[in-house]
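Encoded as structure tokens, the structure appears first; notes follow it.
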Amino acid sequence: MKYIYLENFITLEIIPEFNPSFPDIPITDRYSPEFMSHCVAVSDDTIVQEGWIYDVDTGTFSEPPEPIPPEPVPDTRSPAEKRKDTYEHMPIIDYNGNLITVDDANTRWWHYEAEGNMDAADNITTLIAAAKRQIREMFPDI
């Protein structure tokens with residue numbers, strides 16, 4: 001005999017009637033009456049696993065149904081909004097071996113410009129322009 005602890009007809013735990021850690025102590029002495037009120041006694045040969053669903057009418061257990069994947073939520077953003085989001089969040093520019101976003105590259109450009117480091121500013125301007133072309137290809141205006 002084994003006991004199946006159920007919550008909303010779902011198997012949460014499979015408990016043997018006798019436990020080697022507590023020899024000669026029956027399950028009814030190991031658990032409270034309240035806990036046992038959530039259990040169903042079944043024979044040892046009953047096939048059941050945690051997560052399986054109990055059918056009260058037939059006294060049987062079955063695997064849960066495959067979850068239904070959620071419907072994809074359509075992206076209603078405009079191409080301009082998608083580009084802006086990409087500029088802010090997608091590391092797309094390889095700059096000195098590190099991937100950075102267009103916005104991060106723009107910030108670096110401002111620093112180089114302020115420092116008068118025109119070679120670095122020109123270099124990053126070229127990378128920004130290429131990234132923006134690539135992003136515009138991904139999200140063209142309709």
Just to check your reading of the model, which residue among D141, D29, D122, D104 is over 17 Å from F9 (Cα atoms), in contact (Cβ under 8 Å) with a residue 60 or more places away in the chain and among the charged types (D, E, K, R)?
D141
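One line per residue, one yes/no per condition, for (1) within 27 Å of the chain's Cα centre (by Cα); (2) loosely packed, with under 10 Cβ neighbours inside 10 Å; (3) part of a loop (DSSP other than H, G, I, E, B):
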site: T58; (1), (2), (3): no, yes, yes
site: D85; (1), (2), (3): yes, no, no
site: D103; (1), (2), (3): no, no, no
site: E137; (1), (2), (3): no, yes, no
Could you check T28 against (1) in a loop (DSSP other than H, G, I, E, B); (2) under 30 Å from Y5 (Cα atoms); (3) among the polar types (S, T, N, Q) and say which number it fails?
(1)
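When only residues in the range 4-25 that are among the hydroxyl-bearing types (S, T, Y) and in contact with an Asp or Glu (Cβ under 7 Å, 6 or more places away or on another chain) count, which is nearest to S62 (Cα to Cα)?
First, the residues of the range 4-25 that are among the hydroxyl-bearing types (S, T, Y): 5, 11, 21.
From what's left, in contact with an Asp or Glu (Cβ under 7 Å, 6 or more places away or on another chain): 5, 11.
Details: Y5: 15, T11: 10 Å.
So, considering only residues that are among the hydroxyl-bearing types (S, T, Y) and in contact with an Asp or Glu (Cβ under 7 Å, 6 or more places away or on another chain), the one nearest to S62 (Cα to Cα) is T11.
Here is a yes/no grid of residues against (1) modelled with pLDDT under 95; (2) in the same structural domain as N8 (by TED's automatic domain parsing); (3) out of contact with any Leu (no Cβ under 7 Å at 6 or more places or on another chain):
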| site | (1), (2), (3) |
| --- | --- |
| P20 | yes, yes, yes |
| P23 | yes, yes, yes |
| P26 | yes, yes, yes |
| Y31 | yes, yes, yes |
| H38 | no, yes, no |
| W52 | no, yes, yes |
| P67 | yes, no, yes |
| D85 | no, no, yes |
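The values are calculated or read from the model by the stated rules, or taken from the named source; none is laboratory data. Predicted, not measured: the structure shown is a model, and the values here were computed from it. With ideal geometry, Cβ positions are generated from the backbone for all residues, glycine too; neighbour counts draw on all protein chains shown.
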